[in-house]
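In what follows, a structure is listed as structure tokens, so that the remarks can point back to it.
The values are calculated or read from the model by the stated rules, or taken from the named source; none is laboratory data. The structure presented is a predicted model; accordingly, all values stated were derived computationally and were not measured. So basically every Cβ, Gly included, is an ideal-geometry build from the backbone, and we count neighbours across all protein chains shown.
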Amino acid sequence: MKWAIRFSLSAVVLLILLLIGALIPVRLSASEFVQEEQYCMAEAVYFEARDQNFLGQIAVAIVIRNRMKNKRWPSTACGVVRDGRYWKGNPVRHKCQFSYWCDGKHERPAEKVAWSRAMNIAKLVLLDRISVESLSKATHYHTLEVKPLWSKKYRLCAIIGDHKFYDQNVH
């Protein structure tokens, strides 16, 4: 009987510690934070533009970086690419800033070469080692297949591959 009480007490203590750990955010080291940011940006580049040429992939990453620097969006790559509407902690289908994030599919990069390229592009863009003059203010893009309502009010910066890029300046 004493053994059962000790075991139950140990289980309760362990459960409490686990709950406390889940409620207290764990701070990432600087290198872990940078790796997470690189991963989030690379994920967006991979799923949004892996079929585009190198410049097209860089352009998507630059849009993310530009949003990170703009007060209208979160200040992190992960915050930017996961921005959208959520219901009970899950992204609402087709209500995200970056469509891949809420398309209902699992995000698991399968193409190793494309994933490696996306990771390298994300690193270069996050470190501000690469820029494209015409995209210096670009905060929006869409494929040529669609014409979102917002595209009428923003200034077209560039057409690269299958995407049109815009800045927030009203034309």
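Does the range 117-161 hold any residues that are part of a helix (DSSP H, G or I), more than 21 Å from the chain's Cα centre (by Cα), free of Cβ contacts under 8 Å to residues at least 24 places away in the same chain and within 20 Å of Asn53 (Cβ to Cβ), and which are they?
Glu133
Table: residues versus (1) at pLDDT 95 or above; (2) more than 19 Å from Ser75 (Cα to Cα); (3) in contact with a strand residue (DSSP E or B) (Cβ under 7 Å, 6 or more places away or on another chain).
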| position | (1), (2), (3) |
| --- | --- |
| Gln97 | no, no, yes |
| Trp101 | no, no, yes |
| Glu107 | no, yes, no |
| Asp128 | no, no, no |
| Leu135 | yes, no, yes |
| His140 | no, no, yes |
| Leu149 | no, yes, no |
| Phe165 | yes, yes, yes |
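Six or more apart or on different chains, Cβ under 7 Å: which pairs go from a residue in the range 52-65 that's at positive phi and modelled with pLDDT of 95 or more to one that's surrounded by 18 or more Cβ atoms within 10 Å (Cβ to Cβ) and in a helix (DSSP H, G or I)? Could you list them?
Hits for this filter: zero, empty list.
Considering only the range 123-158, how many residues are surrounded by 13 or more Cβ atoms within 10 Å (Cβ to Cβ), more than 17 Å from Asn70 (Cα to Cα), out of contact with any Phe, Trp or Tyr (no Cβ under 7 Å at 6 or more places or on another chain) and of a type in the set (A, V, I, L, M)?
Residues meeting the conditions: 3.
Within the range 45-61, can you find the residues that are surrounded by fewer than 24 Cβ atoms within 10 Å (Cβ to Cβ) and of a type outside the set (D, E, K, R)?
Once the filter is applied, which keeps residues that are surrounded by fewer than 24 Cβ atoms within 10 Å (Cβ to Cβ) and of a type outside the set (D, E, K, R), the range 45-61 yields Phe47, Gln52, Asn53, Phe54, Leu55, Gly56, Ile58.
Given the criteria in contact with a strand residue (DSSP E or B) (Cβ under 6 Å, 6 or more places away or on another chain), modelled with pLDDT under 95 and closer than 19 Å to Val132 by Cβ, does Arg85 qualify?
no
Kindly check whether there is at least one residue in the range 31-47 that is over 14 Å from the mean Cα position of the chain (by Cα) and either at pLDDT below 90 or of a type in the set (Val, Ile, Thr) (or both).
yes
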